[in-house]
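Notes to accompany the following structure.
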Amino acid sequence: MSRAQTHLRISALDLSVNHGAQSVVKDFSFEMRIGECIAVLGANGAGKSSLLTALSGEYSKARISLFNAALNRAAFMKGAVIMNGAPLLAMSPNQRARLRAVLPQHSTLTFNLVVEEVVQMGAYPFSEAKPEQVSQWIGASLLDADLAGLRCSKYSELSGGEQQRVQFARVLVQARAIAYFQGHAWIFLDEPTSSLDPRHQQLLMAKIHSLVKTLNFGVMIIMHDLNLAAYWCDRVMLMKDGVLIADDCPAKGLTAENLSNCFDMPMQVMTHPINPNKLIVVADQ
């Protein structure tokens, strides 16, 4: 591995996040690399979204980083996040946008734009990109999100699931642009399948799995669907009360013991009935 390739990772070093006096992420240290898709799993309130926010650089300053209006309290971060060999918190918003793409759990848009215009926003950090190249990224990403037939539809008139797919396509445009100029891209997705029907859940996860390998992406996904994670992700991280309790491939991380501990309920893990190399998880009630 070349010296340049050794920097293609994100490292968290003793990373903690507090919301007011509450510690929601506690002393995380781990690495993620290009070419892998990681699912972060855990119960509501486990700290998953706060972890993703810290890793993607949304906490813009060490120690006191932002005021969480929804919680009416400040969010504090300590520790370090190193992206491609550089401290994430030292980067400007534009520098971060040229390294990683983020799909938040809730995306708001008040402008009356059509689908194609929303998806094109993913290319905004790359003013040097040629129009024909941006058009190619948009077309490919619309196909990936099964939106080709909605290209000229008004975003505000779409269903919640369709809007989620539009935002996913926007992220893919940004990630394609990052990979075009950087050679690789980081992607952070917060519950991207939550509003989707079963068909589009599978399509989205299959597309992520494919693009990780073909376009040199490194992906972290906050998820609740254990079986989607088990089938499509290379690695699973289980969180409970802000603490990392398991971090491994699905076959080793998704054990009945780990899952029962994580979700405070009996869980069983079995061989997938169609693909014997995969697992399925069921609640043992």
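We did not get these values from a lab; they are worked out from the coordinates using the rules stated. Please read all numbers here as calculations on a predicted model, not as lab measurements. All Cβ positions, glycine included, derive from the backbone under ideal geometry; neighbour counts span all protein chains shown.
Taking the empirical scaling 2.2 N^0.38 Å for compact globular proteins as reference, the range 121-245 has a Cα radius of gyration ratio of 1.10. For the chain, the fraction of C-alpha pairs farther apart than 33 angstrom is 21 percent. For the chain, the antiparallel share of DSSP beta bridges with both residues in that region comes to about 65%. Restriction of the chymotrypsin sites (Phe, Trp or Tyr not before Pro) in the range 151-220 to DSSP coil positions whose beta-carbon has at most 11 other beta-carbons within 10 angstrom yields no sites. Sorted on the mean count of surrounding Cβ atoms within 10 Å across their residues, most packed first, peptides 40-49, 135-144, 273-282 read 40-49, 135-144, 273-282. Extension gain for Asn277-Ser29 works out to 86.3 nm (0.36 nm per residue, less the C-alpha to C-alpha distance). The alpha carbons of the range 72-137 occupy a box of 41, 33, 15 Å along the principal axes, longest dimension given first. In whole percent, what relative contact order does the chain give with Cα contacts below 8 Å and a gap of six or more residues? It rounds to 22 percent for the chain. For Lys154, the aspartates and glutamates whose Cα falls under 12 Å of its own Cα, not counting residues fewer than eight places away in the same chain, are Glu116, Glu117, Glu162. Simple point charges give the picture: +1 on the Cβ of Lys and Arg, -1 on the Cβ of Asp and Glu, and for the chain a dipole about the Cα centre of about 720 debye.
Here the label points at Asp197 and Ala251, each 7 Å from Cα along the C-beta direction, are separated by 3.5 nm in the simple model.
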